[in-house]
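Asks: Have a look at this one.
The values are calculated or read from the model by the stated rules, or taken from the named source; none is laboratory data. Please read these numbers as outputs of a predicted model, since none were measured by experiment. Heads up, the Cβs are rebuilt from the backbone with ideal geometry, glycines too, and the neighbour counts pull from every protein chain shown.
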Amino acid sequence: PLFKNAEFYTTVNHLRDLPDATGVEIAFAGRSNAGKSSAINTLVGRSRFAFVSKTPGRTQHINYFQLGDGRYMVDLPGYGYAKVPLAIRQHWAHLLSTYLQTRTQLYGMVLIMDIRHPLTELDRQMLTWFAQTQKPVHILLTKADKLSRSKAMAALNSVRRLLASDYPHCTVQTFSSLTAEGVEDAIQILQNWFEA
Ligand code: GDP
């Protein structure tokens, strides 16, 4: 992995606390338990970097990791956990929609989806919020190791088809934090974005 100098930078719980650094940010979003923390850990080549959630939906903050040269990975709170109280879900919706729609430092979004449960209603909500910005989205269909090769390819093609009409600025690939499938492809995309 090429982001091996990644370091924790800061945690943000309110929009007013977003850092004003003039770097380039790539945001990571996903339903809780989709495998977002594991994907971040895999991409930075650490086993316990982003907090792998024991209680899904507990982390409602935005975590910043710095990669050097003014580059940041931004770990957005996982969503879709049914037991989270309404007030927290509303806080989440406000924080995320505002961040995604107004953050000028944000270059693009990586959306993590469990390959077995892709494009949930809230995943579509994230895509819809972000679509207006015309910024790129790259989708990691993770836990690909949980499906046979042919089922994983079928899932990939089905997601591609569904996205093509509504969200043409999206790209999508299979990924696994367990087998490292797709890691090099994902790193290539991130590097292209950081260098754009
Ligand atoms: P998050 O809530 O989206 O950050 O999800 P986590 O990264 O905490 O992962 C949720 C659960 O899925 C954990 O038990 C992980 O070990 C498991 N998991 C995550 N990624 C993979 C993967 O690629 N393959 C498999 N088999 N399990 C995974």
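Asks: Just to be sure I understand the filter: pairs with C-beta atoms under 7 Å, separated by 6 or more residues or on different chains, first member in region 114-131 and under 18 Å from residue 92 (Cα atoms), second member part of a loop (DSSP other than H, G, I, E, B). Which pairs pass?
Replies: 120/80; 122/80; 127/167
Asks: Still on this structure, please answer the following. Looking only at region 16-37, how many residues end up being under 15 Å from residue 76 (Cβ atoms) and either surrounded by 20 or more Cβ atoms within 10 Å (Cβ to Cβ) or at pLDDT below 90 (or both)? Show your work before the answer.
Replies: Keep residues of region 16-37 that are under 15 Å from residue 76 (Cβ atoms), which gives 17-19, 25-37.
Now restrict to residues that are either surrounded by 20 or more Cβ atoms within 10 Å (Cβ to Cβ) or at pLDDT below 90 (or both): 25-32, 34-37.
Number of matching residues: 12.
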